[in-house]
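One structure is given here, and the rest of the page talks about it.
Values quoted throughout were computed directly from the atomic coordinates according to the rules given, and no laboratory measurement underlies them. All values derive from a computational prediction rather than experimental measurement. Counting neighbours? That spans all protein chains shown, and the Cβs are built from the backbone with ideal geometry, glycine included.
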């Protein structure tokens, strides 16, 4: 298995070019939540070409795999030149990660800053959260001038 970790890796030019790496879950017999927060996510509005900014919170209960964090950082960074609506960015990221990882449970929250005066928050979930798993709130308040 060749990982990007430990190597000089340029930022991919698009999400399609980005490579997501996965590593074996060291505790596949234990249900726990892993969380990634991307507080400075950016993409491009496909209509105006203007930048869109948001906070992504990714929570998952791993199955056999974990996402390797450097590859996730590069994948998410590749969206900065990618034209897509908020809904497409959020759901596409969720689906790609769920397919890669085969998690027990997965959710992504996309908390987008306003464009045209309206913030758009997008949520996508895959699977059922196991009982007795501690799941904190995603910690991003509803829009009040975030």
Using alpha-carbon pairs under 8 Å, 6+ residues apart, how would you state the relative contact order of the chain in percent?
25
With a cut-off of 16 Å, note down the residues of segment 1-34 whose backbone N falls inside the zone around a label point 7 Å from the Cα of residue 42 toward its beta carbon.
11-15
Rounded to the nearest 0.05, what FRET efficiency is calculated for residue 80 and residue 137 with R0 set to 30 Å and r the Cβ-Cβ distance?
0.65
CD proxy at 222 nm, helix term only [per DSSP H run n ≥ 4: -39500 (n - 2.57); per residue of the chain; nearest 500]:
-5500 deg cm²/dmol
Relative to a virtual label point 7 Å from the Cα of residue 29 in the Cα→beta-carbon direction, which members of segment 69-103 show backbone nitrogen distances below 12 Å?
none
Expressed in nm to one decimal, what extension gain is obtained for the pair residue 113 and residue 73 from 0.36 nm per residue of sequence separation less their Cα-Cα distance?
12.4 nm
What's the Cα-based Rg to Rh of segment 1-108, Rh via Kirkwood?
0.98
For 115, 22, ascending order of other Cβ atoms within 10 Å (fewest first) is 115, 22
Need the C-alpha centroid separation for segment 1-75 versus segment 97-134, integer Å.
13
